[in-house]
Amino acid sequence: MPLLEVTDLRTSFHTRNGVTRAVDGVSFAVEKGETLGIVGESGSGKSVTCYSLMGLIPQPPGRIEGGRALFDGLDLLRCPPAEARAIRGKRIAMIFQDPMTSLNPYLRVSQQLVEPLLIHGLCDAPEARRRALAMLEAVGLNDAPRRLDQYPHEFSGGMRQRVMIAMALITRPELLIADEPTTALDVTVQAQILELIKKLQREFGMAVIFITHDLGVVSGLCDRVQVMYAGRIVERAGTDALFRAPRHPYTRALQRSIPALQPKGAELFTIPGLPPDLSQPVAGCAFAPRCASAADRCRREPPVLAPAGPAHEHACLRVQAGEIP
Amino acid sequence: MAAPLLQLNDVKTHYPVESGFLLRRQTGVVKAVDGVSLALAAGEVLGLVGESGCGKSTLARTILRLAPTTAGTVVLAGRNLTAAGAAELQAARRDLQMVFQDPYASLNPRMTVHATLAEPLRVHGVCPPAEVPARVAELMQLVGLAPRFMRKYPHEFSGGQRQRIAIARALALRPKLVIADEPVSALDVSIQAQILNLLSELVRKMGLTMIFIAHDLSVVKHISDRVAVMYLGKIVELGPAADVIERPRHPYTRALVSAIPVPDPGKERARQRIVLPGDPPSPLHPPAGCAFHPRCPFAQEKCRAAVPALAPAGPGHEVACVRLGEI
């Protein structure tokens, strides 16, 4: 049984300008100890998917319209709030993009670190402080005993992200959701944080869902990757297969538009147009208006994510029908 | 080489740090830019890379005289900008334009595209008022926007389109030099490629000279002829783009290059990554000698002793490392 199994998750936002279907029928599973990458551009629904699981969608305007998210047999979307709270922050933890806005500037780091332990009643206060200190050392903070009672503003960006990671992992969660944790950091610091996440994952044996827009970050970190576009999964495969032989036209276009993979000076491949407005109903494939291979059928029939080889799935009608390679 | 379009001679921008409430006194100095010399030929694209706080944006602002110059000179097309008076500076700014990182913040939300693009034309009296709408339409076409959107406001455009407007505004006066400060880092990958293509095309078509500031080395390698790497206010490596990024010589550039994740799982697993310890040091208390030595895997006693100067390391390639020949 997978650790987390999400089935047909649908999350919408009801605003004055209509209903935006941010996540529109997403299903996936995460096994114990594996790393799943979720890749997509802004507005593709990758963050909303995970926020829905963590109960972080503001309701209203947000609404979880349907679906199930089974974690160890318990449906996170529908169980009593007390039961969900017992899991969130203890067995599932999350880290965010901007460590400055997600730490409380008024509280000492020590207070924020021990909070999950005390709230979940895992140990008493002196023991919590000992564990907080050990955790800060585990995430590679020098001079941890002195740092423990400092405030967030006394840390640099990379150090704050380490504190965030320490806070998330202090309860030894089975699943860590990382929402673009390195996007706000410099590349040399990003390299440090990625190495740290890998190391801690090995030590604790936890599963990781890694949300990012950077295909480069995914390639070194994830076992499997799923690509999202306009609130749906368009392709899912093992990392090697996805990079070596992407099947969906969107994944291919995304890969071709990265400067790192192009010969210098050559004109970069671009995807024409813009992602669709999700408050308008999309008939057929959401990528069709920007797709070079789109046929009439693509604008009418909604595509379905279907297997295409071992552990490889994609949602392109024409590739599935064998009309394009 | 003909006389360079832009010449920087030992440019320094230092900010005093004061403390105390009633009796304010200077207690330190932040050397944001500390002795940068560069020459840029007409038509050349120079990529400027470095981590946040290395002084790359301050250098750009110093060239434009948006930041004060503490020492050194900036010479653009024979005109010394550091000594220029207000009127001369105003005239020089026709030749010198900037594109900023965040197109959400750099466009006035209360001005239509037409108003935004017409303003520089009017201020500098480029053309008779009757011709302004035609010039605005021409500019919009140049950056790939339909002129019928002329009366729209910035909020009606996407991020990529806004960046196009910002580029059109920078090009309105047909400048000789454009400084683009992280122009694509706020954009999605597929939109980044569109803007990068547009910039390369404009450089080719209009013979623009450009300083392209970014932290993403793959983007810089794609668009630049030469690359300068900055660390704590100084240039540590300067050379042809492909040389610097594919065969970096300075230990800092090596670490920077190796830190970038490669979107290719096979290569990504195989390669040796240099993970630098710690953060860049505070420019308020820079380390003695080579500013990089506390994080450098090759540092020796002599690295702490003297500040290394840029020295030739190949054709057109300069590196500031005292251990250059040894590592």
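Structure notes:
- Any hit, segment A:157-173, residues being more than 11 Å from chain B (Cβ to nearest Cβ), of a type outside the set (Ser, Thr, Tyr), surrounded by fewer than 20 Cβ atoms within 10 Å (Cβ to Cβ) and over 28 Å from residue B:187 (Cα atoms): yes
- One residue alone among B:174, B:204 is surrounded by fewer than 22 Cβ atoms within 10 Å (Cβ to Cβ), more than 11 Å from chain A (Cβ to nearest Cβ) and of a type in the set (Lys, Arg), and that residue is B:174.
- The one condition in (1) part of a helix (DSSP H, G or I); (2) charged (D, E, K, R); (3) within 14 Å of chain B (Cβ to nearest Cβ) that residue A:297 fails to fulfil: (3)
- Flag for residue B:69 being touching a helix residue (DSSP H, G or I) at 6+ places or on another chain (Cβ under 7 Å) and hydroxyl-bearing (Ser, Thr, Tyr): yes
- Looking across segment B:268-294, the residues that are over 19 Å from residue B:33 (Cβ atoms) and either among the β-branched types (Val, Ile, Thr) or in contact (Cβ under 8 Å) with a residue 40 or more places away in the chain (or both) come down to B:274, B:275.
- Verdict on residue B:307 being part of a loop (DSSP other than H, G, I, E, B) and either acidic (Asp, Glu) or away from every other protein chain (no Cβ under 14 Å) (or both): yes
- In the condition set (1) assigned to a loop (DSSP other than H, G, I, E, B); (2) at pLDDT 90 or above, residue B:137 is compliant with all but (1).
- Some residue of segment B:63-86 being aliphatic (A, V, I, L, M) and part of a helix (DSSP H, G or I): yes
- Matching helices (runs of 4 or more DSSP H) fully within segment A:89-140 where at least 1 residues are of a type in the set (Asp, Glu) and on the phi < 0 side of the Ramachandran plot: A:109-119, A:125-138
- Segment A:101-113, residues that are surrounded by fewer than 15 Cβ atoms within 10 Å (Cβ to Cβ), of a type outside the set (Val, Ile, Thr) and either under 21 Å from residue A:181 (Cα atoms) or under 25 Å from the mean Cα position of the chain (by Cα) (or both): A:104, A:105
- When segment B:13-34 is filtered for residues that are under 22 Å from residue B:308 (Cα atoms) and either basic (Lys, Arg) or surrounded by 17 or more Cβ atoms within 10 Å (Cβ to Cβ) (or both), the ones remaining, listed by number, are B:13, B:14, B:30, B:31, B:32, B:33, B:34.
The values are calculated or read from the model by the stated rules, or taken from the named source; none is laboratory data. This one's a predicted model, so the numbers in the text were calculated from it and none came from an experiment. Cβ: placed from backbone, ideal geometry, glycine included. Neighbour counts: every protein chain shown.
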